[in-house]
Amino acid sequence: MAATGATSAVDTAAEDRRWLVRALVSRIVLYGFLALTAAFFALPMAWLVLAPFEAHPTLVAGLTDPTLQNFKAMFDNPSVRGSLLNSILLALGTMAVVVASAALAAYALSRARVPGRDVILYILLLFSSVVTGSAAMVPIFLLAYDLHIINTLTGVALVLAGGLLPAAIFILKDFMDSTPASYEESARVFGASPFQILRHIVLPLVRPGLAVIAVWTIVTVWGSFLTPFILLQDPSQQPAAVEIYSFYSAGGTANLRLISTFGLLYTIPVVIMYLVVQNRYGFRFYGGLKR
Amino acid sequence: MAGITVAKLTKVFPNGVRALQEVDLQIADGSFFALLGPSGCGKTTLLRTLAGLEAPTHGTISIGDRDVTRLPPGARKVAMVFQDYALYPHMDVADNIAYPLKIQRMGRGPRRQRAAETGAHLGLEGMMDRRPAQLSGGQQQRVALARAVASHPHVFLFDEPLSNLDARLRMEARTFLKRLHSDLTTTTVYVTHDQAEALAVADRMAVMDRGTIRQIGSPVEVFHRPANLFVASFIGNTPMNLIDAHVVGGLLRIGDDTVPLPPNTADAVREGEPVVLGARPEYVALRPGPVAGGVRSRVVITEHLGTSILVDLESAAGPLQAVVAEDEAPPLGSEVWLVVALARALLYAKESGELVGAALGGPPTQRTTAASTATLPGAAS
């Protein structure tokens, strides 16, 4: 009895040691892999942050000759300033159209008893990817041309808004569905009109939803290239995303000084917005919301 | 100030449910009227139709001398307090109370001033800047009341306003509501599924079942003379004993036992007619030995109710219940004879379920009123 007890204790100790070694090795392998992956994605980031301050940037990330000349050169370039302003106007304009229309449409869809409402919504959502997709570019171009909104920021904002609205309505309707009916009923008994109910009660309650849509619209428009590229011919109208495309010499070599500096500047608003929204509403772009 | 007249009100929902069937109702100006019934009986639908949140299929509603049947909710001069209070979470207490005034286009300063005054009247001093989420259930309920009061309605509509409060708070809130009503004397319609609550707060009440009104009367009338078997079994803390019997030779035959007819009911029944004898467990007595007019039964279970004891009995006529004083519980398994207090007994026709006779004729006397209030405190537990 005692002998077998001792043997099994030894066995257990040996087994424990083997288990520890195995765990350690698998940890080392895992962390090594993670470090490599992180480096792979971190290097371009490092380049993006460092290259604008480099007098003669190459494709190697590093800071050998720090300078602010690149920024000065960029801001002296009028088309750069203009393109950033265009991007801001375009993003804010589209955001205004999307938030206002989505709020009204989502409220109506959330409250009205329309037969086949959910089917309508899903079809809209499906088509939204078509509207701003490359397949529809020719008809959209012709439509914009006939409506005389070609070569205007308004036209681009409307087309972009059209593509974003279905998803925005879909998201916002979910928020509105979750506000209790008794809130609105009590307001109705006090004599509030539907518009007053929307403004006083529903919109304040779905503010996180409105914020999601506003930020998502701005970020999407900020980064959209194809629609403005096709609908705007006048270089003075181009937004930043299209402007970057012109930082090549006639021979096709990239102007790394301009591209890196402009790239950094172009990224900053999106990062700031992410941080602000994260702070105020505590949501991530994936995952849930806290109200 | 206005009374309410409801005529032939029918509500059929799109899915075919008939929530209200030809309901006729008169609610006197300034009264506190309770609509009582089990869930699904149509009481909330009736209230929502009064508010204008549901459109009736047929029938008319008048508030005061105005026909409001087709008016939108906001034009009816009613205020409704919802079961979940429907306080706006993004507004502070003052803005919540002042919301009806905002709709009436009163300026921000004056309306917050009025809200503070109304709130103070309802015991909400010093809470005007808080959000609803920072208040207790009882305080939230008073904010909802204050909001209704601030809108100066002709009629208050309450949809189970106490059901989200715990038992002790509910008693306080009940008294509070009653006092508020006696201060304001605004016509109040109060929906509840709790019969004790309806008996306690209302000066008149209607008992509803499956879209129809089964009885209208004062709480005392409804408690002492339930008009039919439905009301009889619905009203009361402990369910009324409903004992099947036959009229044989001017007496009630219950199994092998014979019980005299309650006074003043002999003319209302025919020889051989099947009837149901109704006797509340509080209105029966237990005797240890055989007595004339007693129903022989056996003690199965006893339950302590605090100041009294509920005794479950088995008899040839089926299960029976009796409430006895706390030190008079008969031993389990013993044989007892249940004696009905005939002066309070009720007699129903077996077939129609309608009241055919009761010892207490007409409006109950002062003595019975005192007796009914004496039984009420236990009602809330």
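At a glance:
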item	result
Net charge dipole size for chain A [Lys, Arg +1 and Asp, Glu -1 on Cβ; Debye, nearest 20]	640 debye
Charge dipole (debye, nearest 20) of the protein assembly as shown; +1 at Cβ of Lys and Arg, -1 at Cβ of Asp and Glu	1720 debye
Among B:233, B:266, B:297 the positive-end extreme of the charge dipole of the stretch B:210-323 (Cβ point charges)	B:233
Value at 222 nm in deg cm²/dmol, rounded to 500, when DSSP H runs of n ≥ 4 in chain A each add -39,500 (n - 2.57)	-24000 deg cm²/dmol
³J(HN,Hα) computed for each position of the stretch B:104-112 - Karplus, 6.51 cos²θ - 1.76 cosθ + 1.60, integer Hz, glycine/proline x	7, 6, 7, x, 4, x, x, 6, 5
Cross-link partners of residue A:72 among aspartates and glutamates (Cα-Cα below 17 Å; sequence separation of 8 or more within a chain)	A:54
Rounded, prolate or oblate (a/c below 1.5 giving rounded, otherwise prolate when a/b exceeds b/c) for chain A by Cα gyration tensor	oblate
Compactness relative to 2.2 N^0.38 Å, alpha carbon Rg of the stretch A:2-67	2.30
Furthest towards positive pole of dipole, A:94, A:275, A:159, structure part the stretch A:71-290, Cβ charges	A:275
Calculated diffusion of chain B, Stokes-Einstein form, Kirkwood radius summed over Cα pairs, 37 °C and 0.692 mPa s, µm²/s	143 µm²/s
Between helix B:137-150 and chain B: long-axis angle, C-alpha atoms, 0 to 90°, nearest 10	60 degrees
Percent RCO, i.e. relative contact order, over chain A, from Cα pairs under 8 Å lying at least 6 residues apart	25 percent
Built amide H within the under 5 Å cut-off of residue B:190, gap 5+	B:33, B:34, B:35, B:158
Chain B - mean residue ellipticity at 222 nm from DSSP helices (-39,500 (n - 2.57) per run, n ≥ 4, rounded to 500)	-8000 deg cm²/dmol
Along chain A, longest interval not containing exposed chymotrypsin sites (Phe, Trp or Tyr not before Pro), exposed being DSSP loop plus at most 14 other Cβ atoms within 10 Å	A:1-224
Helix axis angle, B:93-103 relative to chain B longest principal axis, alpha carbon, degrees	70 degrees
For the stretch B:266-272, 3J(HN,Hα) per residue [Karplus equation, 6.51 cos²θ - 1.76 cosθ + 1.60, θ = phi - 60°, Hz, x = Gly/Pro]	4, 6, 7, 10, 9, 4, x
GluC sites (Glu not before Pro) restricted to the stretch B:295-342 and DSSP loop, no more than 15 other C-beta within 10 Å	B:326, B:328
HN-Hα J in Hz across the stretch A:113-123 - Karplus 6.51, -1.76, 1.60, θ = phi - 60°, x for Gly and Pro	8, 9, x, x, 4, 5, 4, 4, 4, 5, 5
Given chain B, longest segment not containing exposed loop trypsin sites (Lys or Arg not before Pro) (DSSP; at most 10 other Cβ within 10 Å)	B:106-269
Selected from A:14, A:46, A:24, residue furthest toward positive end of dipole (the stretch A:2-67; charges at beta carbon)	A:14
Relative contact order (percent, whole number), the stretch B:279-359, Cα cutoff 8 Å, 6+ residue spacing	36 percent
Cα-based convex hull, the protein assembly as shown, per residue volume (Å³, whole number)	317 Å³
Cα-based equivalent ellipsoid of the stretch B:154-216: semi-axis lengths in Å, sorted from largest, via gyration tensor	19, 16, 10
The stretch B:94-187: C-alpha gyration tensor shape, a/c 1.5 cut-off, then a/b vs b/c	oblate
Dipole magnitude of chain B, debye to nearest 20 (Cβ charges: Lys/Arg +1, Asp/Glu -1, about Cα centre)	1640 debye
Cross-link reach list, aspartates and glutamates versus residue A:173, counting only Cα pairs under 20 Å and skipping chain neighbours closer than eight places	A:118, A:184, A:185
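Coordinate-derived values only; no laboratory data. All values reported here derive from a predicted model rather than from experimental measurement. Glycine gets a Cβ as well: all are built from the backbone with ideal geometry, and neighbour counts include every protein chain shown.
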